[in-house]
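Input: a single structure, listed below in structure tokens.
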Ligand SMILES: [Zn+2]
């Protein structure tokens, strides 16, 4: 399903099912870069306080490891919105060298053009990669709790089905490393707003922890209570709502906070940390 590759010192996870569908897609780890301390070492985020030249060096290593040009990458500003943008070769290079040129106020990128590498960066939020092999459409989505509450994943699936005339039944989804229910304590208000984005209860809800079940459905009934939220499963529920079959959804189930030696985690790093990437690319010359 997945394998770990190491190239130019960079270790990353590559999806076998994406490769079989003609895509190069996966997630970087934090290993193989030149940044130090909280950003050690493969920090790919330009906006988190790390030295710019180190981030650019890390991005060059990342590009070399994948065998792509740095200039074919497209980054988004990522503001926890539900805005999803369709990009093409004209967007190549946006946000690569400066955060200011990233695709503005956007948290999801879609492309159907070969040679465009979609890149979003993460430290606990849920990375969702979508691909549809027949129409050769790929997407990367950044779903933190605000984006999830605003249904960004369902929005991305709807946009793909509407613009590229594909059925959600043929869309495949990869859920990458993100903060697990084990480590994600939030207020009841946050949990309620995320869960209110669902159209239908997800399978397995009944088996969830008692702690989560205690969260009052009615926002404000017990302000101040903290609960543990399973943000990745909320996004799986949205994919199912959107018509993506469960057999097409691969969930890595790796907690960034528990595995902060491998991935950046905002919570584990107490707010000061780097970013790893979720990426999707349609090769120019096929695989
Ligand atoms: Zn954890």
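What FRET efficiency comes out for residue 189 versus residue 47 if R0 is 25 angstrom and r is the Cβ-Cβ distance? Round to the nearest 0.05.
On the way: r = 27 Å, r/R0 = 1.07.
That pair, residue 189 with residue 47, gives E of 0.40.
As a footprinting exposure proxy, order 94, 117 by other Cβ within 10 Å, with the fewest listed first.
Details: 94 20, 117 29.
Ranked by crowding around the Cβ, least crowded first: 94, 117.
Considering only 243, 144, 49, give the residue with the highest GNM mean-square fluctuation for the chain, with springs between Cα atoms whenever their separation is below 10 Å.
Of the options given, 49 has the highest mean-square fluctuation.
If you fit an axis through the alpha-carbon atoms of helix 231-241 and take the longest principal axis of the Cα set of the chain, what angle between them do you get, 0 to 90°, nearest 10?
That helix lies at roughly 90 degrees to the long axis.
Hey, for a label at residue 135 modelled as a point 7 Å past Cα toward Cβ, could you say which residues of the stretch 72-96 have their backbone N under 17 Å away?
In the stretch 72-96, the label zone of residue 135 (backbone N under 17 Å from the point 7 Å along Cα→Cβ) covers 84-88.
Any idea how far apart residue 261 and residue 165 come out in nm if each label point goes 7 Å out from Cα toward Cβ?
Reported label-point gap for residue 261 and residue 165 is 5.2 nm.
Over the stretch 15-122, what relative contact order in percent results from Cα pairs under 8 Å that are six or more residues apart? Let's see the in-between values first.
On the way: 177 pairs, mean separation 22.7, N = 108.
It rounds to 21 percent for the stretch 15-122.
Report the residue, chosen from 149, 200, 63, that carries the largest GNM mean-square fluctuation when the chain is represented by alpha-carbon nodes joined by springs under 10 Å.
Of 149, 200, 63, the Gaussian network model singles out 200 as fluctuating most.
Antiparallel versus total DSSP beta bridges in the chain: what percent is that, nearest 5?
On the way: 37 of 48 bridges.
Given both bridge residues lie in the chain, the antiparallel proportion sits at roughly 75 percent.
Helix 52-66 versus the longest principal axis of the chain: what angle, 0 to 90°, nearest 10, using Cα atoms?
Its long axis makes an angle of about 80 degrees.
For residue 270, put the label point 7 Å out on the Cα→Cβ axis and report which residues of the stretch 33-66 keep their amide N under 13 Å from it.
Under cut-off, by backbone N: 38.
Could you check the simple spin-label distance between residue 225 and residue 158, using points 7 Å along Cα→Cβ, in nm with one decimal?
Label-label distance for residue 225 and residue 158, simple model: 3.1 nm.
Please work out whether the chain counts as rounded, prolate or oblate from its C-alpha gyration tensor, where a ≥ b ≥ c are the square roots of the eigenvalues and a/c under 1.5 means rounded, while otherwise a/b larger than b/c means prolate and anything else oblate?
Oblate, since a/c reaches 1.5 and b/c is not below a/b.
Quick check on the stretch 1-80: take the gyration tensor over C-alpha atoms, sort the square-rooted eigenvalues as a ≥ b ≥ c, and tell me if it's rounded (a/c under 1.5), prolate or oblate.
prolate
Angle, helix 152-164 long axis vs. longest principal axis of the chain, Cα atoms, 0 to 90°, nearest 10?
50
Rank the residues 3, 251, 47, 91 as a footprinting-exposure proxy: fewest other Cβ atoms within 10 Å of their Cβ go first.
On the way: 3 11, 251 18, 47 15, 91 22.
So the residues, fewest neighbours to most, are 3, 47, 251, 91.
Values in this text are rule-based calculations from the coordinates and carry no lab data. Being a predicted model, the structure only gives us computed values, none of them experimental. With ideal geometry, Cβ positions are generated from the backbone for all residues, glycine too; neighbour counts draw on all protein chains shown.
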